[in-house]
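Novice: Below you'll find the structure I mean.
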């Protein structure tokens, strides 16, 4: 369990992290989201005890990271933004150094190295120098390091950066399966990623907490009016007129996507967030518009994020 | 601590740096032994060690420049400082690795006086007490070099600064001899030193109160002392700079003077700089 209370990091006049508080329960994956420079890495460095906080407290499994650092650090596996690997070491040698550094009992060390190498699929690279590994493998070795000793808490700073799409999918699956037994904080600036992997999402900007909730709740409470996307075969004028005759419709947009010969895609928004799919279906049936597709438009976290921070472009 | 120690030691002997260091040190000792003892026909092996000590200028930065700077540059400090090991134990592990590499070289040096046995009587006591002092002198420089490496993430910067600091300790006696002896001048220089220390503490602590208090008390104290009794400043500069004179204490050993206080002095300097290294790292964690 991770408990962060009123965390502040001050650099001169600049507050990188400003009064941040949250808790992560055991077995939960918390997505930590914010644009670049929002204070994500700074916060993670304070949680892991790498940097000191100007004010506030971090408690890991009941141990305060500043009062009982060694006990607290024993519960944490940390993968920083740049994997902390020694380029001149071999993979096995490096992981074996990590087991010793993290004070794994001597008799268990070799087995532990095997375990993390198998989990991260780096066993066939075990005798390679780390400087000869690709970015993806380096990231895996970095994560293997964090998993040494099977710590209860995992702090992962942008674990999928620099990986190819295949590796990203695999990494997400691995993190999800780790989430069953571990408490995980996962930072990212990719909104889709936290949506796919995390139980809850914490969004920060300029070091301040904006919101912490489940991805679904965030979308629901902050998502605004919901829309419906539909694909029909109909004259545009007829369709627009017909839709306009329905009550509580705020607008109807023609989408530019190519959906096929003679077909057109539209986005229709209700003015009060009420369900309009049934009425649209009935309308099409009554007017003889041939309906090919009908579905709700999902608001993504990205829309939410842009709406909340008002900083389009800095998000991806 | 053991993990760090073993890792450092291994890295010195897989990267050739360790072998290079030992080889260079032994080459210097060999050259000086040849010049003083074999060619110059002096029976005192301490002269050879004494000559080599000047080359700490090159040897020490070679070993110490990367010890902490490199961890910072490649971000592996995020691994070691988030591991369940205290900063003190990490620094000690690293320092002991430095001492071990240097110690291995010194063990080889211990065989050198025996070579002189073939040519006649040698004073072994002088030779080995000097080698011990040589070892402690080197360890002192290693601690200073490690401290400097902790302040930067550039190996080149660490090497250059270490070189300059060791050069300064070599020249300090010469500089002190050149200093005028006037009391008022001594007061001026000491006030200057107090102010320099104040500036350094301000840069390190960023506290105007502590720095201001230190500056006022030290400068005020010096002026009051001067007004009470001018004679207290007699030779005060030589004394103050003498504390920094790491090398001059060593040069006494070659005359067969075994000065226990010098051994103690070196051990205190080692303790001081290992302590300062730990503090420098802890302080950086507040700022970074």
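Readers should treat all values here as calculations from the given coordinates under stated rules, not as data from a laboratory. Being a predicted model, the structure only gives us computed values, none of them experimental. Cβ: placed from backbone, ideal geometry, glycine included. Neighbour counts: every protein chain shown.
Novice: For the pair residue B:17/residue A:286, report the inter-label distance in nm, with labels modelled 7 Å from Cα in the Cβ direction.
Specialist: Reported label-point gap for residue B:17 and residue A:286 is 8.1 nm.
Novice: A follow-up question, please. Hey, what's the Cα Rg ratio for the range B:1-84 versus the globular rule of thumb, 2.2 N^0.38 Å?
Specialist: Ratio of Cα Rg to 2.2 N^0.38 Å: 1.49.
Novice: Taking one equal scatterer on every alpha-carbon of the range B:182-234, how large is log10 of I(q)/I(0) by Debye at q = 0.21, 0.25 1/Å?
Specialist: Relative scattering, expressed as log10 I(q)/I(0), comes to -0.70, -0.87.
Novice: Tell me, what is the percent relative contact order of chain A, built from C-alpha pairs under 8 Å that lie six or more residues apart?
Specialist: It rounds to 20 percent for chain A.
Novice: Choose one answer from B:167, B:137, B:114: the residue with the largest mean-square fluctuation in a GNM of chain B with alpha-carbon springs under 10 Å.
Specialist: The residue that fluctuates most here is B:114.
Novice: Among bridges DSSP assigns within the protein assembly as shown, what percent are antiparallel (round to 5)?
Specialist: Just about 70 percent of them are antiparallel.
Novice: Answer rounded, prolate or oblate for the range A:2-215, using the Cα gyration tensor with square roots of eigenvalues a ≥ b ≥ c: rounded when a/c is under 1.5, else prolate when a/b is larger than b/c, else oblate.
Specialist: Verdict is prolate for the range A:2-215.
Novice: With only alpha-carbon pairs counted, each pair once and no self-pairs, how large is the Kirkwood hydrodynamic radius of the range A:105-192 in angstroms?
Specialist: One over the average 1/r among Cα pairs gives 13.8 Å for the range A:105-192.
Novice: Find the Cα radius of gyration of the range A:1-128, compare it with 2.2 N^0.38 Å by division, and give the number to two decimals.
Specialist: Its radius of gyration relative to the 2.2 N^0.38 Å reference: 1.22.
Novice: Additional query: With the crude spin-label approximation of a point 7 Å out along Cα→Cβ, what separation in nm comes out for residue A:240 versus residue B:224?
Specialist: Modelled inter-label distance: 9.1 nm.
Novice: Can I ask one more? For the range B:127-262, rounded, prolate or oblate, judged on the Cα gyration tensor with a ≥ b ≥ c (square roots of eigenvalues), a/c < 1.5 rounded, else prolate if a/b > b/c?
Specialist: It comes out oblate by the Cα gyration axes.
Novice: Also, quick follow-up: How many partner chain Cβ atoms sit within 10 Å of a residue's Cβ in peptide A:141-152, on average, as a whole number?
Specialist: 1
Novice: For the residues B:70, A:118, A:261, what sequence is obtained by ranking on other C-beta atoms within 10 Å, fewest first?
Specialist: Ranking B:70, A:118, A:261 by Cβ neighbours within 10 Å, fewest first, gives A:261, A:118, B:70.
Novice: Round to the nearest 10 and give me the degree value, 0 to 90, for the angle of helix A:109-119's Cα axis relative to the longest principal axis of chain A.
Specialist: Computed tilt is about 20 degrees.
Novice: As a test of the formula, what do you get for chain A when each DSSP H run with n ≥ 4 contributes -39,500 (n - 2.57) and the sum is divided by the residue count, at 222 nm and rounded to the nearest 500 deg cm²/dmol?
Specialist: Estimated from H runs of four or more residues: -10000 deg cm²/dmol.
Novice: Between the alpha-carbon centers of the range B:213-274 and the range A:49-64, tell me the distance in whole angstrom.
Specialist: 42
Novice: Evaluate the relative contact order of chain B (contact order divided by residue number), counting alpha-carbon pairs under 8 angstrom at least 6 apart; express in whole percent.
Specialist: RCO, chain B: 26 percent.
Novice: Grab the alpha carbons of chain B, take their convex hull, and tell me the volume per residue in Å³.
Specialist: Convex hull of Cα atoms, per residue: 143 Å³.
Novice: Can you list, largest first and rounded to whole Å, the semi-axes you get for the range B:4-160 by taking the square root of 5 times each eigenvalue of its Cα gyration tensor?
Specialist: One finds semi-axes of 34, 14, 12 Å for the range B:4-160.
Novice: Would you tell me the mean number of C-beta atoms belonging to other protein chains that fall within 10 Å of each C-beta in A:5-12, as a whole number?
Specialist: Rounded to a whole number, the mean comes out at 1.
Novice: Still on this model: For the pair residue B:216/residue A:271, report the inter-label distance in nm, with labels modelled 7 Å from Cα in the Cβ direction.
Specialist: Going from the residue B:216 label point to the residue A:271 one covers 7.2 nm.
Novice: While we're on this one: Out of every Cα pair in the range A:42-97, what percent are spaced more than 18 Å from each other?
Specialist: In whole percent, the long-distance tail amounts to 43.
Novice: Kindly state, to the nearest 0.05, the FRET efficiency for residue B:183 paired with residue A:206, given R0 = 60 Å and r defined as their beta-carbon distance.
Specialist: 0.55
Novice: Sticking with this structure for a sec: Quick check on the exposure proxy: order A:290, A:98 from fewest to most C-beta atoms within 10 angstrom.
Specialist: The order, fewest Cβ neighbours first, is A:290, A:98.
Novice: Scaled to the compact-protein estimate 2.2 N^0.38 Å, what is the alpha-carbon radius of gyration of the range A:225-298, rounded to two decimal places?
Specialist: 0.99
Novice: I would also like to ask the following. Once Rh for the protein assembly as shown is found with the Kirkwood sum over Cα pairs, what is the Stokes-Einstein diffusion coefficient at 20 °C and 1.002 mPa s, in µm²/s?
Specialist: Translational D for this selection: 73 µm²/s.
Novice: Sorted from fewest to most neighbouring beta carbons within 10 Å, what does the list A:47, B:224 look like?
Specialist: B:224, A:47
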